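The values are calculated or read from the model by the stated rules, or taken from the named source; none is laboratory data. In this text, all values refer to a predicted model and were calculated from it rather than measured experimentally. When we count neighbours, we look across all protein chains shown, and the Cβ atoms used for this are built from the backbone with ideal geometry, even at glycine. We work out accessible area using only protein heavy atoms, side chains counted, and drop any ligands, DNA or RNA first. Shrake-Rupley method; radii C 1.70, N 1.55, O 1.52, S 1.80 Å.
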Amino acid sequence: MANSSAAPIMLELVDENGTTIGTAEKLSAHVAPGQLHRAFSVFLFDDEGRLLLQRRALSKYHSPGVWSNTCCGHPYPQEAPFAAATRRVGEELGVAPALLREAGTVRYNHPDPASGLVEQEYNHLFVGLLRQEPRPDPEEIAEIAFVTAKELEKRHATDTFSTWFMTVLDAARPAIREVTGGAGEW
């Protein structure tokens, strides 16, 4: 929840190997050309193998109104990525995953033409199962949808998605196939 009098949100800056080398304020880390920082992306699936997508709230300063993976964000300095991912799923969706496992890391540099901000991230990936009804926080999420791989393909062709979405999805696919066990045709 945004509060202009709140302390600045700090991120961990990392080197190309993911080793912490310092901290930076969240917005400044995203100003072009961007500073490489730690992030996470979560992909949660229901028992039919459908991926929970979210459309980011229109009030978000970065990538508002675009579709993206279940949850993404940044660990606080010295916060384990797994703990941060679990925390943000609870904060954004009001649920706890029934299962959450690490799915590797991916490093990318994605400028966002709409905002001029840059995602320069060392991203920890997590894949899991969701067995509760999501209760999205409207300050974070405008809309949610559960989709199969085929439904995602159609939606991706017509809707606007975050610049990082396909990069993190493709990197997480091996773990997605393991967790879904073939359901949803991932």
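Using only the Cα atoms of the chain, what semi-axes does the equivalent ellipsoid have when each is the square root of 5 times a gyration tensor eigenvalue? Give whole Å, largest first.
So the three semi-axes of the chain are 25, 18, 17 Å.
Picking from Asn123, Ala149, Pro136, whose Cα lies most toward the positive end of the charge dipole for region 110-186 (charges on Cβ: Lys, Arg +1; Asp, Glu -1)?
The residue sitting farthest along the positive end of the dipole is Ala149.
Order of 16-23, 146-153 by packing, highest average Cβ count within 10 Å first?
Order by mean packing, descending: 146-153, 16-23.
Once the whole set of protein chains is in place, how much accessible area is left on Met166, using a 1.4 Å probe, in Å² to the nearest 10?
It works out to around 70 Å².
Taking the alpha-carbon distance from Lys26 and a cut-off under 29 Å, which lysines remain once sequence neighbours fewer than 8 residues away in the same chain are dropped?
Straight-distance partners of Lys26: Lys60.
With no solvent and one equal point scatterer per Cα, compute the Debye intensity ratio I(q)/I(0) for region 36-128 at 0.21, 0.24 Å⁻¹ and report its log10, rounded to two decimals.
-1.14, -1.40
Just to confirm a number: summing +1 for Lys and Arg and -1 for Asp and Glu over residues other than Thr163 whose beta-carbon lies under 14 angstrom from that of Thr163, what do you get?
So the environment of Thr163 carries a net charge of -3.
What relative contact order, as a whole-number percentage, does the chain give when Cα pairs under 8 Å and 6 or more residues apart are counted?
RCO, the chain: 27 percent.
Which percent of the accessible area of the chain is formed by carbon and sulfur heavy atoms (probe 1.4 angstrom)?
Looking at the chain in its full context, I get 53 percent from C and S.
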